[in-house]
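Engineer: For reference, the structure I am asking about is given below.
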Amino acid sequence: MEEKVIERSYLDMELLRFTTAGSVDDGKSTLIGRLLYDSKAIFQDQLEAIERASIKKGEEYVNLALVTDGLRAEREQGITIDVAYRYFHTPKRKFIIADTPGHVQYTRNMVTGASTANAAVILVDARHGVIEQTIRHAYIASLLRIPHVIVCVNKMDLVDFKQEVFDAIQQKFHEFATHLDLHDVRFIPISALLGDNVVDRSQNMDWYQGPTLMYLLENLYISNDYNQLDARFPVQYVIRPQSIDFHDYRGYAGRMASGTFRVGDRVKVLPSGFTTTIKGIDFWTDHLDSITAPQSGTIILEDDLDVSRGCMIIPEENGIKQGQDIELMICWLGDKPMVAGGKYALKHTTNDLRCMVKEVKYKVNINTLEKDYNDKSIGMNDIACITIRTTKPLFYDSYRQNRVTGSLILIDEAANVTVGAGMIV
Amino acid sequence: MSNKVPINHLRELESEGVFVIREVVSQFENPVMLFSGGKDSIVMFHLARKAFYPAKVPFPLMHIDTGHNFQETLDFRDWLVEETGVQLIVRYVQDSIDKGRVVEETGYNASRNKLQTVTLLEAIEELKIDCAMGGGRRDEEKARAKERFFSHRDEFGQWDPKNQRPELWNLFNGRKNLGEHFRVFPISNWTEMDVWQYILLENIAIPSLYFSHEREVFERDGVLYAKTPFLKMKDTEKAEKRIVRFRTIGDATCTGAIESVASSVEDIIREVAATRITERGGRADDKRSEAAMEDRKIEGYF
């Protein structure tokens, strides 16, 4: 891409999205408050508002947790209702936090926050160690295939900064994590309240030689987080200007789901299966040589084919799975239970279709990670392995290989609400 | 494999915004893009132009005009429309007042900011708009932090923060019943700094109000207001000429100026980086109560 040359490093930062998970009172809000405060993302007027609120509540410290207090209903009940998004940056990276509440019933929020995350920060209270909720958080990180997991053992100040406590928690986590599909797990002993090892290195734990949380967030290696091998371009919209200057222009607009396409590449258009060559790649007035996930752009093909929204452009020699009978892991989000044999609307990439739930294979007990082959009732916050049959063939990859072409949502056709998050096995 | 992410943060945010706008056009029949003349709606419109080029933007801009705008904002709006050939719909708060749909606030802090909601909802109903895109950002205000990209509104235009649809991956669910509509926020994930950096990167034109200029202002409750016919001054208040600029552009009645000599986008970026007050810190509409934005959003505000 021809970038206007502007010599400003702040115009060229990386973006990292991470989600935070912890149980009630793990100090998650305090940790986020600390990250925002120490990276100067909290402004004077916000800080003054928090100070006023802390004094009003008769608290000893400025309660940084109040930074993340959102809606009035939450302030009244002292809980978090929904996923909240927070922003801060350092000279190196811009960060988007999906802050998800930790109550038992809010698995659906965590799944939502995890779906786009590069990293998960899981909090463990040093006094309580690994508890059921820790297992659940780690399982969801694994199920949603969040590339990096950072376990923060918090409240180290309340266990006299003892290394044994930290080591034991690390050991315990590893024991159950062997059942999970986590590839990059780090552990950091912290005190969010006092700031130890969050941004600044702790003076109280010289036995810990690893990075601080901020250092890790700034330096996690994220360029492999996208699937770079399989080029996938779901067609989102067809651009036909029908103007005098661009009389025959026909461009396929979309966002690369994974991989790279270059001008001249031989490609196949699904579902028709016709092959052709990429003639041009445009974005705005720029003619590009290539397009790489997650870029948006417009692809122009050599041949005049019937291509519309919902089609997918893939390399000629690169297979993609297709079929109408799909096995997937589902996280149920709806307040009404899933109906076996029920029909739902389905969204997958830029495709809208319908499906029927054929079979519940097993339900996952997310506290013990055991598979339950007997209990087939799937209600809100349940996670299960199911099979569905779609009204027309789906072109997909397994979620393991591709988080974009391997994910789908189910929608209640009467209420129009999103009821299921599916990850294709 | 390269060891660098394929695109930087501004290009990723741009790509995300373009994707969302293209989804809107694909999923809705009669969308509009709300346009205030402020930097956020200008950036959002810039993304729309990029999303459909070389075709024209396939939806109109809609301006809810309170009648209390700065003239510079209106001039800029008309220039942009002329320049890009986009269709513009304007609806006036004054019409809602004349029809008796709303009652104008009185007193020294009277503002038409809140009345805009009624005019907006009337326009949505009248024109059968099924999606209104807005330039809201999640970093602006705590109630906005929980907003979805695709935000569902019931037949009364209300937002139910406790019953929002989960939004996963990049799969946006715009299904709705008759009479309901959506608000969509393509630049949800941008911060004030991102917006300014992007304006610099793309060399986007913005109203002169954002740059330092001399103006008659007076101080009230620690905020500098422009002296305009729309805002009644108290006897004790005195207007004087100062060198100021605006960090946000809203109504003259509720938008505060700051003293500044920033005369280029790069100056503004340096200033924003150094400043310790949020941009809405100068907005009287948010200061009304702790949950002012939440209340307005539930009623159907932008």
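The values are calculated or read from the model by the stated rules, or taken from the named source; none is laboratory data. In this text the structure is predicted, and so the values were computed from the model without any measurement. All Cβ positions, glycine included, derive from the backbone under ideal geometry; neighbour counts span all protein chains shown.
Engineer: Give the residue, chosen from B:GLY136, B:GLY157, that is within 14 Å of chain A (Cβ to nearest Cβ), surrounded by 20 or more Cβ atoms within 10 Å (Cβ to Cβ), part of a loop (DSSP other than H, G, I, E, B) and in contact with a helix residue (DSSP H, G or I) (Cβ under 8 Å, 6 or more places away or on another chain).
Structural biologist: The match here is B:GLY136.
Engineer: State yes or no: is B:GLU125 acidic (Asp, Glu) and either outside the structural domain of B:ILE42 (by TED's automatic domain parsing) or within 27 Å of B:ALA252 (Cβ to Cβ) (or both)?
Structural biologist: no
Yes/no per residue for (1) within 30 Å of A:THR418 (Cβ to Cβ); (2) not assigned by TED's automatic domain parsing to the domain that holds B:GLU259:
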{"residue": "B:PHE172", "(1), (2)": "yes, yes"}
{"residue": "B:LEU178", "(1), (2)": "yes, yes"}
{"residue": "B:ASN189", "(1), (2)": "yes, yes"}
{"residue": "B:LEU201", "(1), (2)": "no, yes"}
{"residue": "B:GLU219", "(1), (2)": "no, no"}
{"residue": "B:VAL223", "(1), (2)": "no, no"}
{"residue": "B:LYS227", "(1), (2)": "no, no"}
{"residue": "B:ALA239", "(1), (2)": "no, no"}
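Engineer: Which residues, taken from region B:174-186, are crowded, with 24+ Cβ neighbours inside 10 Å, closer than 22 Å to A:ARG255 by Cα and within 12 Å of chain A (Cβ to nearest Cβ)?
Structural biologist: Correct list: B:PHE185, B:PRO186.
Engineer: Here's another thing I want to ask about it. Read through the list (1) assigned to a loop (DSSP other than H, G, I, E, B); (2) β-branched (Val, Ile, Thr); (3) more than 30 Å from A:GLU132 (Cα to Cα), then give the number of the only condition that A:THR298 fails.
Structural biologist: Exception for A:THR298: condition (1).
Engineer: Then there is this: Considering B:ILE97, B:ILE124, which residue is closer than 21 Å to B:TYR301 by Cα, without any contact (Cβ under 8 Å) to a residue 24 or more places away in the chain and assigned to a helix (DSSP H, G or I)?
Structural biologist: That would be B:ILE97, the only listed residue that is closer than 21 Å to B:TYR301 by Cα, without any contact (Cβ under 8 Å) to a residue 24 or more places away in the chain and assigned to a helix (DSSP H, G or I).
Engineer: Residues being under 29 Å from the mean Cα position of the chain (by Cα) and away from chain B (no Cβ under 11 Å): count how many of those fall in region A:229-251.
Structural biologist: 4
Residues are listed down the side, and each one gets a yes or a no for (1) crowded, with 21+ Cβ neighbours inside 10 Å; (2) assigned by TED's automatic domain parsing to the domain that holds A:GLY334; (3) closer than 19 Å to A:LEU408 by Cβ:
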site: A:THR90; (1), (2), (3): no, no, no
site: A:PHE95; (1), (2), (3): yes, no, no
site: A:ASP99; (1), (2), (3): yes, no, no
site: A:VAL111; (1), (2), (3): yes, no, yes
site: A:ALA119; (1), (2), (3): yes, no, no
site: A:ILE122; (1), (2), (3): yes, no, no
site: A:GLY129; (1), (2), (3): no, no, no
site: A:ARG136; (1), (2), (3): yes, no, no
site: A:LEU144; (1), (2), (3): yes, no, yes
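Engineer: Moving to a separate point now. Looking at region A:341-425, what strands (runs of 3 or more DSSP E) fall wholly within it and have at least 3 residues that are crowded, with 22+ Cβ neighbours inside 10 Å?
Structural biologist: A:343-348, A:383-396, A:407-411, A:418-424
Engineer: Give all pairs with beta carbons closer than 8 Å in which a residue from region A:400-411 that is assigned by TED's automatic domain parsing to the domain that holds A:HIS183 meets a residue that is in a strand (DSSP E or B) and β-branched (Val, Ile, Thr); count only pairs at least 6 apart in sequence or on separate chains.
Structural biologist: none
Engineer: Between a residue in region A:331-346 that is more than 9 Å from every other protein chain (Cβ to nearest Cβ) and any residue that is surrounded by fewer than 16 Cβ atoms within 10 Å (Cβ to Cβ) and among the polar types (S, T, N, Q), which pairs come within a Cβ distance under 8 Å, given they are 6 or more apart or on different chains?
Structural biologist: Taking only residues 6 or more apart or on different chains, the pairs are A:PRO337/A:SER377.
Engineer: Could you go through region A:88-95 and let me know if any residue there is in contact with a strand residue (DSSP E or B) (Cβ under 7 Å, 6 or more places away or on another chain), more than 10 Å from chain B (Cβ to nearest Cβ) and at pLDDT 90 or above.
Structural biologist: no
Engineer: Now a separate question. Within region B:48-93, work out how many residues are farther than 22 Å from B:ARG22 by Cα and assigned to a loop (DSSP other than H, G, I, E, B).
Structural biologist: So the answer is 5.
Engineer: Which of the residues belonging to region A:287-321 are farther than 22 Å from B:GLU14 by Cα, without any contact (Cβ under 8 Å) to a residue 60 or more places away in the chain and in contact with a strand residue (DSSP E or B) (Cβ under 7 Å, 6 or more places away or on another chain)?
Structural biologist: Answer for region A:287-321, where residues must be farther than 22 Å from B:GLU14 by Cα, without any contact (Cβ under 8 Å) to a residue 60 or more places away in the chain and in contact with a strand residue (DSSP E or B) (Cβ under 7 Å, 6 or more places away or on another chain): A:LEU301, A:GLU302, A:ASP303, A:LEU305, A:GLU316.
Engineer: Could you list all residues from region B:59-80 that are at pLDDT 95 or above and buried (at least 16 other Cβ atoms within 10 Å of the Cβ)?
Structural biologist: B:PHE59, B:PRO60, B:LEU61, B:MET62, B:HIS63, B:PHE76, B:ARG77, B:LEU80, listed by residue number.
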